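The values are calculated or read from the model by the stated rules, or taken from the named source; none is laboratory data. Owing to the predicted nature of the structure, the values given are computational and were not obtained by experimental measurement. Glycine gets a Cβ as well: all are built from the backbone with ideal geometry, and neighbour counts include every protein chain shown. Each accessible area value is taken on the protein alone, full model and side chains, heavy atoms only, with ligands, DNA and RNA left out. Shrake-Rupley method; radii C 1.70, N 1.55, O 1.52, S 1.80 Å.
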Amino acid sequence: MDRWRPNRWLSRQDPDAARAAMVADQLRARGIADERVLQAMGAVPRDAFVPDDARRDAYADEALPIGAGQTISQPYMVALMTELLDVRPGDRILEIGTGSGYQAAVLAWLGARVTTLGRQARLIPEARARLEALGLGDSVEIRLADGSLGDPAGVPWDGIIVTAAAPAIPDALREQLADGGRLVIPVGPRGRQILTVVTRHGQEWTERPDGACVFVPLIGAGGFEA
Ligand code: SAH
């Protein structure tokens with residue numbers, strides 16, 4: 001069946017033009033306002049992070065399959081989470097859910113020093129190769145690990161971003177934040193979550209919901225059962 005593709009015209013453009021259109025139409029027009037985030041999204045080639053057969057859809061307004069049953073998040077969601085994380089150059093950021101490495105690349109482009117944990121062994125070398133090809137390899141450490149309880153060895157983290165859905169906010173992640181640090185995490189049952197921002201103030205944590213989202217499940221001790 002030949003399905004209508006709302007973004008077909010985009011796929012005929014060159015990647016640079018498609019990326020610029022993505023930033024204007026999907027991000028700026030929908031309220032992403034942080035100019036540095038818009039610059040990062042306009043600079044990091046998303047087409048380098050999707051499988052060959054999905055390349056024509058790299059700048060589509062949707063999540064895309066990247067193999068092993070996993071997805072690269074919708075561009076808007078990557079931009080929104082990055083904006084909410086409020087990354088400053090030199091920040092030490094923990095990402096849980098490496099996937100394609102695209103989110104890590106955006107954070108590294110913003111000057112963050114990123115540690116990203118993934119649990120799909122076959123995706124890790126691919127993500128590493130992409131980051132190295134873009135010259136971002138030195139800013140990103142990628143490890144195969146269950147990150148559902150964070151990375152205590154690296155505390156305190158200026159920011160933690162979880163790019164998979166958690167049934168509840170793991171206490172371990174709150175505890176691993178630096179004072180003033182931010183945790184951005186989709187929280188809720190499989191199939192529908194609320195994007196949530198947790199900010200640490202000393203021994204207190206504030207929580208702010210930021211709309212609905214849908215992520216693949218976080219699997220492990222702090223997440224769902226496999
Ligand atoms: N941030 C990615 C997309 C993440 S998809 C990108 O930019 O492409 C969600 C990822 O979370 C999947 O790859 C999945 O394997 C991973 N994941 C799920 N549970 C995990 C856990 N406990 N620790 C680390 N990664 C996990």
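Surface composition of segment 86-226: carbon plus sulfur atoms hold 52% of the accessible area, using a 1.4 angstrom probe and ignoring ligands, DNA and RNA.
What's the ranking of 154-160, 125-131 by average number of surrounding C-beta atoms within 10 Å, highest first? If you can, show how the numbers build up before the last one.
On the way: 154-160: 19.9, 125-131: 18.1.
The densest-packed peptide leads the list: 154-160, 125-131.
Applying the Karplus relation 6.51 cos²θ - 1.76 cosθ + 1.60 with θ = phi - 60° to segment 133-141 yields 3J(HN,Hα) values of 4, 8, x, 9, x, 6, 8, 10, 9 Hz, where x marks Gly and Pro.
Rolling a 1.4 angstrom probe over the protein heavy atoms, how many square angstrom per residue are accessible across the chain? Spell out each step's value before the answer.
On the way: 10330 Å² over 226 residues.
Heavy-atom SASA per residue in the chain reads 46 Å².
In segment 8-213, Cα pairs under 8 Å separated by at least six residues give a relative contact order of 14 percent.
Close amide H contacts of residue 219 (hydrogens built in the peptide plane, cut-off under 5 Å, sequence separation of 5 or more or a different chain): 224.
Post the alpha-carbon centroid distance, segment 80-125 to segment 188-226, in whole angstrom. Each part reduced to its Cα centre gives a spacing of 17 Å.
Here the 3J(HN,Hα) profile of segment 109-123, calculated from phi with Karplus coefficients 6.51, -1.76 and 1.60 at θ = phi - 60°, is 4, 7, x, 6, 9, 10, 10, 10, 10, x, 10, 9, 4, 6, 7 Hz, Gly and Pro shown as x. Across all directions, the average flat footprint of the convex hull enclosing the Cα atoms of the chain is 12.1 nm².
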